[in-house]
Amino acid sequence: MKFERSSGILLHPTSLPGPYGIGDLGPQAYKFVDFLAGAGCKLWQVLPLGPTGYGDSPYQCFSAFAGNPYLISPERLLDEDLLHPNDLIGPAEFPASRVDFGRIIPWKLNLLERAFIRFQNQASPVIRQAFDDFRAEQSDWLEDYALFMAIKESNGGGGWDGWPAPLRQRDPQALAQARRSLADAVLRFMFYQFVFFRQWRALKAYAAGRGIKIIGDIPIFVAYDSADVWANPELFYLNENSLPSVVAGVPPDYFSPTGQLWGNPLYNWEVHKQTGYDWWLKRFRAILGMVDIVRLDHFRGFAGYWEIPAGETTAVEGRWVPGPGADFLQALRNGLASLPIIAEDLGEITPDVIELRDRFELPGMKILQFAFSGPDNPFLPHLYPENCVTYTGTHDNDTARGWYETAPAAEADFARRYLNLQPCEGSEPSQGFAWSLIRACWASTAVFALAPMQDLLNLGSEARMNFPSKLGGNWEWRMKEEDLSAELRDRLKALNYLYLR
């Protein structure tokens, strides 16, 4: 698919401001869309939108199809008479600059349960019909997901590997009994999905009306503790106890001597191929119903992936295994109208990955923070092909300012010279570094140029979204309402004008 030269901002909805402890799909999301449009941007990139579990990571979700109920807007529930105004009196004093997941989750779930009770007791015929229509439209995944979540809840929230064997192994009688005994909980989890998708679709339609396309994200792997693996065990390498026999990760490299042990179950690609990649086509159709463009995470895994025996404590003892390659992407191309895909081609990239990406004319990613080792570094803008997407950094990087303030002296020096960055009188170069990176991305030949909101605000490492090797404290950053200033909008608009973005 041919993209048009444009620019945008990477900001996950949880990072939006607002009074309820976590960014959501309410008024502040619409204000952000207005900010983008006013600045002349045409892109809003988000992280995966699924229901998060352990560690609060959007890359470890309970479903590849469901939406995150924590993103549901209380104000929108009030607008649709699914909450009473008294339900929102005196919300807990949540921190404004970060998401305190430990406090927000029980508060939000309590609020959503109240909305569900109100829906059951007094929802309008219009809302009830919309809910019935949603159930029928999404039945392919919704039934399994809602049952999975209801059983999980009834088992104290534990992973499905700890459930009673008949439920773990999806014995038909056990499932029928669970549907009867947990009917109210199943309906409640369906209702949460109905509300999420109702709010998300309204926001997406508003963005489209303002000329904004949304870039979503498909993680290559799914979490073991997910409805996807529980409902489709034949699609993964699981042993006789329904546990993964091999798991995902990446091998040791310069950055990590023991590699990265992700632990996700690996796909049985032979079975996927026999089904015509049906599950993947459903997954893509689902995400493309929610967003306009997809960032395909860990693209190199479709050419070849690192397989680690289950039970290993590091990623050292693994092996490269061929992925589904061109056969998979051709099936996607045949099954979808187009391939609006950005290939996340970072990490250890071999010629077969490049060949696969280029064969299907997918733009790869260029991260400017990685560029400053020397003039032949392929992440430098003067070496970009047009068919690529450039970023100052991503959710996994430090902020631009944080990077500069901790970078090796030689790289910082090269960056200063490359960007022609001179300190203003009385200030340090770090004061202007983030915007120098933004300008370099916007000026490049890359078809898309994006920057995390933190870089537009010139924030330091305290605003980093995720530190991949650190447990806890990730995914928490939030912006302030006053950050979307007219001054910032106009500064960004001037760059978009200068560089035909």
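Residue count for the range 97-129, restricted to those that are farther than 22 Å from Pro51 by Cα, among the hydrophobic types (A, V, I, L, M, F, W, C) and touching a residue at least 24 places away in the same chain (Cβ under 8 Å): 2. The set of residues from the range 327-354 being over 11 Å from Phe284 (Cα atoms), among the small types (Gly, Ala, Ser) and either assigned to a helix (DSSP H, G or I) or touching a strand residue (DSSP E or B) at 6+ places or on another chain (Cβ under 6 Å) (or both) comprises Ala331, Ala343. Of the residues that make up the range 194-202, is at least one in contact with a strand residue (DSSP E or B) (Cβ under 6 Å, 6 or more places away or on another chain) and either in contact (Cβ under 8 Å) with a residue 12 or more places away in the chain or of a type in the set (Lys, Arg) (or both)? Within the range 194-202, none of the residues are in contact with a strand residue (DSSP E or B) (Cβ under 6 Å, 6 or more places away or on another chain) and either in contact (Cβ under 8 Å) with a residue 12 or more places away in the chain or of a type in the set (Lys, Arg) (or both).
Do you know which of the residues in the range 279-309 that are aliphatic (A, V, I, L, M) and within 15 Å of Tyr267 (Cβ to Cβ) is surrounded by the most Cβ atoms within 10 Å (Cβ to Cβ)?
Ile308
Here the condition is being small (Gly, Ala, Ser) and under 21 Å from Ala315 (Cα atoms); of Ala248, Ala183, Ala165, Ala231, it holds for Ala248 alone. Considering every residue within the range 276-289, establish whether at least one is in contact with a strand residue (DSSP E or B) (Cβ under 6 Å, 6 or more places away or on another chain) and in contact (Cβ under 8 Å) with a residue 12 or more places away in the chain. Looking for residues that are in contact with a strand residue (DSSP E or B) (Cβ under 6 Å, 6 or more places away or on another chain) and in contact (Cβ under 8 Å) with a residue 12 or more places away in the chain, one finds at least one in the range 276-289, hence yes. Consider Ala407 against the criteria (1) over 21 Å from Gly8 (Cβ atoms); (2) aliphatic (A, V, I, L, M); (3) touching a Lys or Arg at 6+ places or on another chain (Cβ under 9 Å): it satisfies all of them except one. Which criterion is unmet? Checking Ala407 against (1) over 21 Å from Gly8 (Cβ atoms); (2) aliphatic (A, V, I, L, M); (3) touching a Lys or Arg at 6+ places or on another chain (Cβ under 9 Å), the one that fails is (3). The residue that is nearest to Val250 (Cα to Cα), among those in the range 317-334 that are touching a residue at least 40 places away in the same chain (Cβ under 8 Å) and surrounded by 15 or more Cβ atoms within 10 Å (Cβ to Cβ), is Gly318.
Ala337 meets the conditions (1) modelled with pLDDT of 95 or more; (2) small (Gly, Ala, Ser); (3) surrounded by fewer than 18 Cβ atoms within 10 Å (Cβ to Cβ) in every case but one. The failed one is (1).
Can we say Glu240 is farther than 28 Å from Ala146 by Cβ and either surrounded by fewer than 16 Cβ atoms within 10 Å (Cβ to Cβ) or touching a Pro at 6+ places or on another chain (Cβ under 7 Å) (or both)? Taking the combined requirement at face value, the residue does not satisfy it.
Kindly indicate the residue of the range 71-89 that is of a type in the set (A, V, I, L, M) and at pLDDT below 95 and also surrounded by the most Cβ atoms within 10 Å (Cβ to Cβ) among those meeting that condition. For the range 71-89, the residue satisfying everything is Leu88.
Quick one: in the range 90-106, of everything that is assigned to a helix (DSSP H, G or I) and crowded, with 16+ Cβ neighbours inside 10 Å, which residue is nearest to the chain's Cα centre (by Cα)? Ranking the qualifying residues of the range 90-106, first place goes to Phe101.
Annotation note: of Gly21, Gly50, Gly8, Gly26, the sole residue that is within 26 Å of Glu482 (Cα to Cα) and touching a strand residue (DSSP E or B) at 6+ places or on another chain (Cβ under 9 Å) is Gly8.
Can you confirm whether the range 406-420 contains a residue that is without any contact (Cβ under 8 Å) to a residue 60 or more places away in the chain and under 29 Å from the mean Cα position of the chain (by Cα)?
Yes, there is a match, as at least one residue in the range 406-420 is without any contact (Cβ under 8 Å) to a residue 60 or more places away in the chain and under 29 Å from the mean Cα position of the chain (by Cα).
Among all positions in the range 314-323, there is no residue which is part of a helix (DSSP H, G or I) and touching a Leu at 6+ places or on another chain (Cβ under 8 Å). Of the helices (runs of 4 or more DSSP H) lying entirely inside the range 134-234, those containing at least 3 residues that are buried (at least 19 other Cβ atoms within 10 Å of the Cβ), within 23 Å of the chain's Cα centre (by Cα) and at pLDDT 95 or above are 139-154, 183-209, 227-231.
Per the listing Leu437, Leu459, Leu419, the residue uniquely within 23 Å of Ala96 (Cα to Cα) and either aliphatic (A, V, I, L, M) or in contact with a Phe, Trp or Tyr (Cβ under 7 Å, 6 or more places away or on another chain) (or both) is Leu459.
The values are calculated or read from the model by the stated rules, or taken from the named source; none is laboratory data. Here the structure is a predicted model, which is why all the values come from computation and not from measurement. Neighbour counts run over all protein chains shown; Cβ positions are idealised from the backbone, glycine included.
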